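Colleague: Dumping the structure here so I can ask a few things about it.
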Amino acid sequence: MLIEGNSALVTGGASGLGEATARAIVERGGRVALVDMNADKGQALASELGDAAVFVQADVTSEEDIGAAIEKAEQLGPLRAAVSCAGIAWATRTVNKDGMAHPLDAFAKIIQVNLIGTFNVMRLCAAAMTKNNPLADGERGVVVNTASIAAFDGQIGQAAYAASKAGVAGLTLPAARDLAKAGIRVLAIAPGTFDTPMLALLPEEARQALAAGIPFPQRLGAPADFAKLAVHLIENGYLNGETIRLDGALRMPPK
């Protein structure tokens, strides 16, 4: 898939993994619809990227919001790629030390945003991509979702988060098979411990301890590492139906 001259929709595009991916797409001559709830950051980034970007404030779980974002993306050029980076985290045990059960509404919220939101973006973007003219190999588009190594190595307190990300990994192959006749590929990246705004809130000592647990390279993942893989998945037309770990060989311990 050629990025140059085409548009992409990136959720969570105002910061972290999404911002890095949006920048990488623009650097390759693409255009991007930045989808995020943070209007200040999203508008600032769109202004910096100029005519190659537009910001759309949207909730990934809303059909109306994502439909409007797709319309904005298509105004920039044919929508050929969608990258879902939007997500939230929650940590608590299934039953805590006081004998209290995990709040059901918190579990449902994580699933709603991370899994249902990802599927909502994928289904709507894929429907729009089916209207694209096929390229030489029949390809019309590609979807790249964000899972997590928690999908496979979920830690204590991560039941909700791990379940949501395991769902993202689990839908990758069947969605790729569903969309094969339309010429749309579906992939997922499962990042390890990345230096995102969420981790930036931790004390430096805690950040160094996290980095020390990564076999090699012994550092936190950078958003640019994610972006490099995301654009490769977009460009490599033979990659399909796969969830790829991006973690420096890290396997998470129970806690």
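Colleague: Could you state the number of Å between the C-alpha centres of the stretch 14-80 and the stretch 187-213?
Modeller: 24 Å
Colleague: How high is the relative contact order of the chain, in percent, counting Cα pairs under 8 Å that sit 6 or more residues apart?
Modeller: After rounding, I find 21 percent.
Colleague: On the Cα set of the stretch 151-205, report Rg and Dmax in Å, please.
Modeller: 15.3, 50
Colleague: Now for a different question. Out of the trypsin sites (Lys or Arg not before Pro) in the stretch 101-170, which ones are loop residues according to DSSP with at most 12 other C-beta atoms within 10 Å? Working shown, then result.
Modeller: Working: sites: 109, 123, 131, 140, 165; in loops: 131, 140.
Loop-located and lightly packed - 131.
Colleague: Among 149, 184, which comes first, second and so on when ranked by fewest other beta-carbon atoms within 10 Å?
Modeller: 149, 184
Colleague: What list of ³J(HN,Hα) couplings, whole Hz, do you get for the stretch 15-21 from phi and the Karplus terms 6.51, -1.76, 1.60, once you set θ to phi - 60° and write x for glycine and proline?
Modeller: Values, residue by residue: 7, x, 4, x, 4, 4, 5 Hz.
Colleague: When the convex hull of the C-alpha atoms of the stretch 7-246 is computed, what volume per residue in Å³ does it have?
Modeller: 128 Å³
Colleague: OK, next. If you take the beta carbon distance between residue 105 and residue 208 as r and set R0 to 35 Å, what does 1/(1 + (r/R0)^6) give as a FRET efficiency, to the nearest 0.05? Could the numbers behind the result be given before it?
Modeller: Numbers: r = 35 Å, r/R0 = 1.00.
Efficiency computed from Cβ-Cβ geometry: 0.50.
Colleague: Same structure, new question: Treat every Asp and Glu Cβ in the chain as -1 and every Lys and Arg Cβ as +1, leave all other atoms uncharged, and give the resulting dipole magnitude about the Cα centre to the nearest 20 debye.
Modeller: 640 debye
Taken together, the values in this text are just the output of simple stated rules run on the coordinates, not laboratory data. What you see is a predicted model, and the numbers here were worked out from it, not measured in a lab. Virtual Cβ from ideal backbone geometry, glycine too; neighbours counted across all protein chains shown.
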